[in-house]
Amino acid sequence: MAVSFPRARPSRRRGTSVESRARSITITAYSERGVEMHTLHVAVDESAYSLRGIALGELLNRQLNGQLELTSVATRVEKRREAVRKLLAKEGLERYQEAVRVEEGDAPAKALARLAADPQGLLCMTSHGRRPASELFLGSVAAEVVRHSNALVVLCGPRFDSEAQACIETLMVCIDGSKLAEAVLPEAVALARRLGAALQLLHVVAIEPSSRSPLPQGIRDPETAEPAGHADIMESGYVHALASRIHDEHHFEADWEVLHGYEPAESIVSYLADQSNVMVVMTTHGRSGLSQLAAGSVSHEILHEAHCPVAVWRPPHRR
């Protein structure tokens, strides 16, 4: 008998109404953006897998209306440029050949981190290639870029489905009550403004498994779990207060959703399965243990399973 994992249950205590959410999108109209986007960099190497980042770049550029560049870093510039152009032709992407830009160097992560840190640019990368031929996967170059760039880096994992995303309507920011997870909020607000997108706070309330359940934790039915009760009310109050703070400090409206689940990553991935035209935003690589969401394993799981883009950021004091 197959055993399925429980889907995350959204709380009945939700954020702003549909009318309020529409107003929040209006607030972020293009004329009100802070810094205009000029260049959208898509990091590529000589692997076909890295070219999946082009679809992500095009998705974002529909709203940013900037210049799309395919950026690579190599010690032999002309050899790399020719290799990437041949690969583009092989994959039927000849129209991007003139967009190839190769930087000379033997430290791809540092070069890409400089591009990511440019306030008038945005860096997109593939991750979790699982192929030795690809330089670009989280745990290697992508992780180093995130560590050194002091900026959001937008990643697409192996399950990213560009055809399921017509645009980015909502940035879903993962929070867990820690200052570390909340540190990404100014970056998320800035990107939402650039995209003309809404902002939603996503918080997971842990379900306590019922002692009566015969199933092990992780595969128990949420209906047999102990009720969240008072904890649910407190968590809803937390996200409401955080949304109010965003409004006061950044003059930006935020919606919110409180989920219920045994594990943060599973709950978020389950919730995302029913969403379209969204991007996840989260802090990554927490080392103190104070933030579950910022742990590498959680961001890894979300990135690996999500069908949508995932923008990750590491606070400067965690570098």
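In this entry, H300 is excluded by the filter for residues that are part of a strand (DSSP E or B) and either at pLDDT below 90 or out of contact with any Leu (no Cβ under 6 Å at 6 or more places or on another chain) (or both).
With respect to the conditions (1) open to solvent by 30 Å² or more (accessible area, probe 1.4 Å); (2) of a type outside the set (D, E, K, R); (3) within 21 Å of E169 (Cβ to Cβ), L64 lacks only one, and its number is (1). Taking residues in region 82-101 that are surrounded by 12 or more Cβ atoms within 10 Å (Cβ to Cβ) and at pLDDT below 95, and partners anywhere that are among the acidic types (D, E) and in a helix (DSSP H, G or I), not one pair has Cβ atoms closer than 8 Å while being at least 6 places apart or on different chains.
Here is a yes/no grid of residues against (1) modelled with pLDDT under 95; (2) open to solvent by less than 10 Å² (accessible area, probe 1.4 Å):
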| residue | (1), (2) |
| --- | --- |
| P119 | yes, no |
| P132 | yes, no |
| G139 | yes, no |
| L171 | no, yes |
| D176 | yes, no |
| L180 | yes, no |
| A183 | yes, no |
| P186 | no, no |
| Q217 | yes, no |
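Listed here are the residues, each with its yes/no results for (1) of a type outside the set (V, I, T); (2) in contact with a helix residue (DSSP H, G or I) (Cβ under 9 Å, 6 or more places away or on another chain).
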| site | (1), (2) |
| --- | --- |
| H41 | yes, yes |
| E46 | yes, yes |
| E58 | yes, yes |
| T71 | no, yes |
| V77 | no, no |
| E82 | yes, no |
| A89 | yes, yes |
| R95 | yes, yes |
| D118 | yes, no |
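The values are calculated or read from the model by the stated rules, or taken from the named source; none is laboratory data. Given the structure is predicted, the values throughout are model-derived calculations rather than measurements. Note: ideal-geometry Cβ built from the backbone for every residue, glycine included; neighbour counts use all protein chains shown. Areas reflect the complete protein model, heavy atoms only, side chains present, ligands, DNA and RNA absent. Shrake-Rupley method; radii C 1.70, N 1.55, O 1.52, S 1.80 Å.
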